[in-house]
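S.K.: After the structure tokens below, expect a handful of questions from me.
The values are calculated or read from the model by the stated rules, or taken from the named source; none is laboratory data. Since we're looking at a predicted model, the values are computed, not measured. Glycine also receives a Cβ, built like all others from the backbone with ideal geometry; neighbour counts cover every protein chain displayed. For the accessible areas, the whole protein counts, side chains as well, though only heavy atoms, and no ligand, DNA or RNA atoms are used. Shrake-Rupley method; radii C 1.70, N 1.55, O 1.52, S 1.80 Å.
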Amino acid sequence: MKIGIIGTGFVGLSFAAALGSKGYQVLAIDSDLDKVKKINTGNPPFYEPKLSTLLKEALKKGLEVSSDIEQAVKTSDLIFITVGTPTTSEGKINLKSLKGVAAEIGQILAHSKNKPVIVIKSTVVPETNRAIKEIIEKESKKKSGKDFGIISNPEFLREGRAVDDTFNPHIVVIGGEDSKTINKVKKFYEGFYKNVPYITTNTQTAEMIKYANNSFLATKISFINQIANICQSIPGTNVDDVAKAIGIDPRIGKQFLKAGPGYGGSCLPKDLRALISFSENFGQDPTLLKAVQKTNTQQVENLISFMTKILTRFEGKKISILGLSFKEDSDDIRESVSINLIKKLLKHKAKIVAHDPMAIENTRKIIGDKISYTKSIDEALKDSECAVIMTPWKLYSKLNNKDLKLMKNKIIVDTRRLLIKKKLDAKYYATGLGLK
Ligand code: UDX
């Protein structure tokens, strides 16, 4: 069986490397030639733990990477589409790449005897796959279900854990219009995964599952963040103990209850926006989803107020921001609350020194030289008047009194409560704790 994968972002490249490393014949396609060149040297164009090693192994075995979409369409049994679907300025999803790829596939199929199944992994609002099918039918003058198949197969992998999640997904969702095509894709996955629950359904339900999933995760985070904010007004309260206790209730579940500065990244904020805008098109008012979003965007303001109470003013003060990426083990700063906080502190005329093990280069592209950057914790803390832990990188939980000695004023603001159990010779303020 030959596999084509179009789009080499987190999802596409992790999937291509995982399949290739197991000896599957995979042709991964990207239109960006520089990206293709880099990937062919075994280096992913972004930081993702374990991916580089896996990619190198895959390149030695079954994986080829190129820009030759024609070859992929003409020779693959399954063509996975994993191109990005970012947000438009109106909060809708931008289907330009996906529709472009669909048109190309259609044009190639018009002159090919191949009858592939096209599997859409890109996150798209319900009924997009139907539109994609129509584009392919129009361009190829061929019929879905007869000359090619179309499947919606949303993906749930997390950045920072893309490799593990690709090998061990918690679910495989396969949405299609006919059982023959659904079974073909299911059979492929059954050869690759053992003990994974399958949900087979129609395409629009599969598309909806992805949005419901991410919206629910966002809801859990905003819920616990709101509880954390309330905890702050009750002296001695600890949000982590609250989360631990409610998480033991199997009806709630313990994951995604870590209070913090708000969720960021390339998925949760975007998917929530897209679902809100999508439902408003039908005259639905998604009040809960809007509240989740509002709670999240307010978190950075809450943090500024929290810091104002501690520091009184920011002007001229050197503030160390520890962590720029939206989550640990990632260099991704898309919708990172840390970046948002920096922009706001700059408006308050603070002097910012930013530390991150991986995300400095990406941040520099956005913030430029308005702040200083360092990969050294010592340099980040030297003469600082306040250090703010934003991203839960493991190394920040190792901070100790020796590191803090370098600070001008030993004030720590910990939005992830990484240092809560440490005896620090510093004024320690963690969000989510009742101030005594
Ligand atoms: C998310 C979904 O988890 C994944 O299933 C989907 O495929 C893509 O979107 P990702 O964006 O990689 O994955 O990150 P995730 O681990 O979900 O974290 C998103 C944000 O929420 C981060 O900013 C993280 O710090 C924050 N978060 C997460 C919390 O603040 N508290 C939590 O308990 C969990």
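S.K.: In the stretch 317-338, which residue that is among the β-branched types (Val, Ile, Thr) and open to solvent by 10 Å² or more (accessible area, probe 1.4 Å) is nearest to the ligand (Cβ to nearest atom)?
M.R.: Val337
S.K.: Oh, and also: Restricting to the stretch 322-374, give me the number of residues that are part of a loop (DSSP other than H, G, I, E, B) and in contact with a His (Cβ under 7 Å, 6 or more places away or on another chain).
M.R.: Summing the residues that are part of a loop (DSSP other than H, G, I, E, B) and in contact with a His (Cβ under 7 Å, 6 or more places away or on another chain) in the stretch 322-374 gives 0.
S.K.: Still on this structure, please answer the following. Report yes if Ala212 is open to solvent by 40 Å² or more (accessible area, probe 1.4 Å), farther than 18 Å from Leu98 by Cβ and within 13 Å of the ligand (Cβ to nearest atom), otherwise no.
M.R.: Yes: the conditions hold for Ala212.
S.K.: If I ask for residues that are among the aromatic types (Phe, Trp, Tyr) and either at pLDDT below 95 or open to solvent by 10 Å² or more (accessible area, probe 1.4 Å) (or both), which ones from the stretch 369-404 would you list?
M.R.: Tyr373, Trp393 - these are the residues of the stretch 369-404 that are among the aromatic types (Phe, Trp, Tyr) and either at pLDDT below 95 or open to solvent by 10 Å² or more (accessible area, probe 1.4 Å) (or both).
S.K.: Looking for whichever is in contact with a strand residue (DSSP E or B) (Cβ under 8 Å, 6 or more places away or on another chain), modelled with pLDDT of 95 or more and among the β-branched types (Val, Ile, Thr) here; the options are Ile366, Ile411. Which one fits?
M.R.: Ile411
S.K.: Test of understanding: among Asn229, Asn225, which residue is in a helix (DSSP H, G or I), more than 12 Å from the ligand (Cβ to nearest atom) and over 17 Å from Thr85 (Cβ atoms)?
M.R.: Asn229
S.K.: Next question. Out of the stretch 119-154, which residues are hydroxyl-bearing (Ser, Thr, Tyr) and not in a loop (DSSP other than H, G, I, E, B)?
M.R.: Thr128, Ser140, Ser144, Ser152
S.K.: Suppose we filter Asn195, Asn238 for residues that are within 26 Å of Val26 (Cβ to Cβ) and of a type outside the set (D, E, K, R); which single one remains?
M.R.: The conditions single out Asn195.
S.K.: Another question, if that's okay. State yes or no: is Ile199 open to solvent by 30 Å² or more (accessible area, probe 1.4 Å) and either within 15 Å of the ligand (Cβ to nearest atom) or under 30 Å from Leu19 (Cβ atoms) (or both)?
M.R.: Taking the combined requirement at face value, the residue satisfies it.
S.K.: Please pick out the residue among Lys254, Lys258, Lys270, Lys244 that is under 20 Å from Leu324 (Cβ atoms), within 16 Å of the ligand (Cβ to nearest atom) and surrounded by fewer than 20 Cβ atoms within 10 Å (Cβ to Cβ).
M.R.: Exactly one residue qualifies, and that residue is Lys258.
S.K.: Name the single residue that is nearest to the ligand (Cβ to nearest atom) among those in the stretch 1-32 being among the small types (Gly, Ala, Ser) and part of a helix (DSSP H, G or I).
M.R.: Ranking the qualifying residues of the stretch 1-32, first place goes to Ser14.
S.K.: Could you tell me whether any residue of the stretch 151-162 is modelled with pLDDT of 95 or more and more than 16 Å from the ligand (Cβ to nearest atom)?
M.R.: Within the stretch 151-162, one or more residues are modelled with pLDDT of 95 or more and more than 16 Å from the ligand (Cβ to nearest atom).
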